[in-house]
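Here's the structure we're looking at; comments come further down.
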Amino acid sequence: MIRVGLVGCGGRGTGAAAQALSTKGKVKLVAVGDAFADRIKSSLGAIQQELGDRSKELVDVPAERQFVGFDAFQKVIDSGIDLVILATPPGFRPQHFEAAVKAGKHVFMEKPVAVDAPGVRQVLAAAAEAKQKNLGVGV
């Protein structure tokens with residue numbers, strides 16, 4: 001079972017999570033995080049609606065694994081997940097990607113991966129570390 005965490009519960013994150021849960025493999029959404037609580041509620045509702053009856057087996061995100069605030073990304077990463085979907089605004093992505101790799105998590109992140117040269121260098125360094133750790137990274 002691949003335990004998935006979602007960071008960024010807007011349209012892109014919600015869509016990416018629903019797609020990840022629509023695979024034939026054994027996956028389960030177990031943690032979500034966003035800067036705004038209302039985004040989490042609407043995202044989980046949309047995912048459950050899209051998956052229909054299958055959502056009961058594929059979505060297990062109790063209140064204690066719904067994280068709100070600018071540190072929500074770290075709480076999702078630390079919640080026992082195997083893979084994290086990073087779908088926050090791109091200015092945050094280098095920091096979130098680096099934290100996920102340091103924690104040994106596989107990553108899917110939306111593009112663009114950064115908005116400036118320092119962010120690109122941070123992403124490249126984290127990607128090199130991910131390769132050394134044999135972590136899967138998809139963009």
Review point. If a residue has to be closer than 24 Å to GLY91 by Cα, surrounded by fewer than 21 Cβ atoms within 10 Å (Cβ to Cβ) and of a type outside the set (Ser, Thr, Tyr) to count, how many in the stretch 20-43 make the cut?
Key: 7
Practice item. For ALA46, state whether it is more than 19 Å from GLY15 (Cβ to Cβ) and either free of Cβ contacts under 8 Å to residues at least 60 places away in the same chain or of a type in the set (D, E, K, R) (or both). Key: no
Point to revise | Considering residues of the stretch 36-58 that are hydroxyl-bearing (Ser, Thr, Tyr) and over 16 Å from LYS26 (Cα atoms) only, the residue farthest from the chain's Cα centre (by Cα) | key: SER42
**Study point:** Selected residue (only one of VAL76, VAL113, VAL120 is within 17 Å of ALA17 (Cβ to Cβ) and either surrounded by 14 or more Cβ atoms within 10 Å (Cβ to Cβ) or at pLDDT 95 or above (or both))
**Key:** VAL76
Point to revise | Residue that is over 13 Å from ILE81 (Cβ atoms), within 16 Å of the chain's Cα centre (by Cα), in contact (Cβ under 8 Å) with a residue 60 or more places away in the chain and open to solvent by less than 60 Å² (accessible area, probe 1.4 Å), where the choices are GLY13, GLY5, GLY69 | key: GLY13
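The values are calculated or read from the model by the stated rules, or taken from the named source; none is laboratory data. None of these values were measured; they are calculated from a predicted model. Don't worry about glycine lacking a Cβ; one is built from the backbone with ideal geometry, like all the others, and counts go over all protein chains shown. These area figures cover heavy atoms from the full protein model, side chains too; ligands, DNA and RNA do not enter into them. Shrake-Rupley method; radii C 1.70, N 1.55, O 1.52, S 1.80 Å.
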